[in-house]
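What follows is calculated from the coordinates using simple rules that are stated; it is not laboratory data. In this text, all values refer to a predicted model and were calculated from it rather than measured experimentally. Please note: Cβ atoms are built from the backbone with ideal geometry, for glycine as well, and neighbour counts cover all protein chains shown.
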Amino acid sequence: MDDHINYYDWVPFFKALCQGISVLAEAENRDELLMEKARSTFEAGNPILRFDFTDPFSYLYALAQRNTANQSDLYFERARAAFGVTVPIPTDLIFPTPQPNALSLFYDAGKYNDNQGTVIGSGPIWELFGALQRHEPADAVAFQRVLSLKNVGVVKLTQVMFLVDPENYIPFDNQMNSLPVPNLVNLKLTVAKILETGLPAYLDAVKELQRWFPGCQLYEINLLNWLINTTSPERLMLEKNFAVISSYADGQESSDQFNDFVAENAVWTGGPASKNGHRVYPLDEFYRGDILLVRRGTVWLGGIGIVLHNGYLTSGWDEDKNIQILWLIKQDRKISDTRLGQWDGFVEATAKTLGCFQDVYPETFQIIDQIRQKQRKIMNHRLNKQKNIILSGPPGTGKTRKALQIAQWLTSDADKTVSLLQAINDGLIPNTDPSIEQIPEAELIQFHPSYTYEDFVRGIVTVTEGEKLIYRVENRTLARMAMEASEPENGDKAYVLIIDEINRANLSSVLGELIYALEYRGRTVQTLYAYKEDAGLNLPDNLYIIGTMNTADRSIGHIDYAIRRRFAFVPVPPDGAAIISAVGRKLYDEVQALFDKHTSQEFDHADVRIGHSYFLGEEGGLAMRLKYEIKPILLEYVRDGILLEPAKPLIENLHV
């Protein structure tokens, strides 16, 4: 944490701003009066200035869109001046931030119409805003009417409700789906329920969320949500260290300072040593991400938090310093059977102390464990350097089946303690027989010579709207999977794109600028086409690409050195041990002998000999396979000069 950040100071700022907006609510020309404030806040060209009116939600959302570090001082100071707000500009800018190209307005083309074209007007927005600003229960009808406006959805509406009243409402955006809370693990289902039943479903979801964080404000839960999911340097990683501190900061005979801990979102100790001077507290041994357990005497516990910033680290104890924390639970609970000894200070938690906290706060430790598990998976994706592999081998060696097995292993819930290449090398991939339908986070496509960039990354399609032809950009397989894998709620999942026959397409042409992105994961590259006004695309760490390549295919030369450097090549040779039947194994050995004796010197045996899958099955099926599959490919090899001419009569004489 930066020392200059005072977390949650955006809350009083927006509260004061909303108070200023509410003064206009009773005026007949309130939309025009608020527009005057918008003109003094935003720059020329901002979408909110295109019309002569606006509404509270559009103003607040447009302002939130300007909360980047290089914009906030200017625009927030203008907003402050426009409404005569005396509260300082916030240093904490962690609240819902619409993307720069997002539709910030709650009206479309100057009209408050719903998706069916029915005129709604700005009245429901002012009504809902007024209730939120006064901390009154929101009206279900007003909520539903605002939700029905064109260009407004559950995410956008709940984000702005949170800005107005962050004590009673929270945004249900893609970040929220990252909290390991039962019944809220699927954001799409939550949003669908809200769209179906309206405000009651939203309030039920908020209540479910609060149940897992007793005593915590919704804006504290939102901060946790952002910190554990952000990709910025501020990302909060939960560590395995547990510290314990007493709310009797100045000793057991002093007063309990727990309420001060809560008010300041921080803890402190009354000195560097216990009263007898013999024990020095290890103030400099606890860091950001450590878990802090707060005691209130010998039989009562007060809560649990996460260390955000240890002010004692730089120069030791000082009475003006503290440890900034993010609360996970603030609720007194009593130890059931054993008493903790008299103690004050700040030290590493003993096993007994930790056990007591685990007994009385089980739901909080469930949250901690699941966040750690997810973060461990995300880190595994980041540490796994090789995410692009090509399974290469002659036909019939089971390359596609192997790719599906790898995809199933990558997307399974099991912890991955080794890299993908190490798992393949050590034989840790289970020998299963999965289908692509059994792996939701995987897709299988097949390249061919006419495959293009527009087929694989992004392309333009023509659609009709009435009598007009409209051209629009659509994401193809790679861009669609990359964007889905990039969503914060999906960071711990593995997404796998299997490209069968990868060497049959002109890869340099199909991949284009994405060749760079294959190596530099997470870095945005500019694509040929802008999707929703953004041409940028990056391949995230959790997107794996597995190609299969037939080494006997004459189109192998299409893979140039630049692309080869970005893939690991894993050989998949024939495996005679996989053939169970004696008849199949005899035929397999005879065919392999053909390659041993009659392969042209221009070819490597390992690249062209056919694989074991041709020889699987019972005698009847094997005879048909010999006649219609094995002999034709071997004779084709003779015509192509892979097998020498003396092999031809031997091939024709093969039998089961």
Using only Cα atoms, what is the ratio of the radius of gyration of the range 242-376 to 2.2 N^0.38 Å?
-> 0.99
Taking a quarter of the surface of the Cα convex hull of the range 167-256, what do you get in nm²?
-> 8.2
Can you give me the Cα centroid spacing of the range 409-426 and the range 598-656 in angstrom?
-> 35
Note down the magnitude of the dipole of the chain about its Cα centre, charges +1 on Lys and Arg C-beta and -1 on Asp and Glu C-beta and zero elsewhere, to the nearest 20 debye.
-> 1060
Could you bin all the Cα-Cα distances of the chain into 10 Å bins starting at 0 and give me the percent of pairs in each, rounded to whole numbers?
-> 3, 13, 18, 19, 17, 13, 9, 6, 3, 0, 0
May I ask you to compute the full-extension gain from Leu49 to Glu319, defined as 0.36 nm times their residue separation minus their alpha-carbon distance, rounded to one decimal in nm?
-> 92.2 nm
The range 149-243 - percent relative contact order, Cα under 8 Å, separation 6 or more | 24
Using only C-alpha positions, report the orientation-averaged shadow area of the convex hull of the range 324-483, nm², one decimal.
-> 19.0
Expressed in µm² per second, the diffusion coefficient of the range 576-652 from the Stokes-Einstein equation, with Rh the Kirkwood radius over alpha carbon pairs, at 10 °C and 1.306 mPa s, is 126
Around Val191, with a cut-off of 15 angstrom between Cβ atoms, what is the net charge of the other residues, counting Lys and Arg +1 and Asp and Glu -1?
-> -3
Against the longest principal axis of the chain, how steep is helix 362-383, in degrees 0 to 90 to the nearest 10, with axes from Cα atoms?
-> 50
Whole-Hz Karplus couplings 3J(HN,Hα) for the range 315-326, θ = phi - 60° and coefficients 6.51, -1.76, 1.60, Gly and Pro as x, run 9, x, 6, 8, 5, 8, 9, 7, 10, 6, 10, 10
Would you mind computing, in nm to one decimal, how far apart the modelled labels at Asn115 and Asp73 are, each placed 7 Å from Cα along Cα→Cβ?
-> 4.3
Using Cα pairs closer than 8 Å and at least 6 residues apart in sequence, work out the relative contact order for the chain, in percent.
-> 9
Using only alpha carbon pairs under 8 Å that are at least six residues apart, calculate the relative contact order of the range 342-432 and give it in whole percent.
-> 27
Taking only Cα atoms of the range 196-249, radius of gyration then Dmax in Å | 15.7, 51
Residue by residue, what Karplus-based ³J(HN,Hα) values in Hz, rounded to whole numbers, does the range 191-199 have, using 6.51, -1.76 and 1.60 with θ = phi - 60° and x for Gly and Pro?
-> 4, 4, 5, 5, 5, 7, 10, x, 4
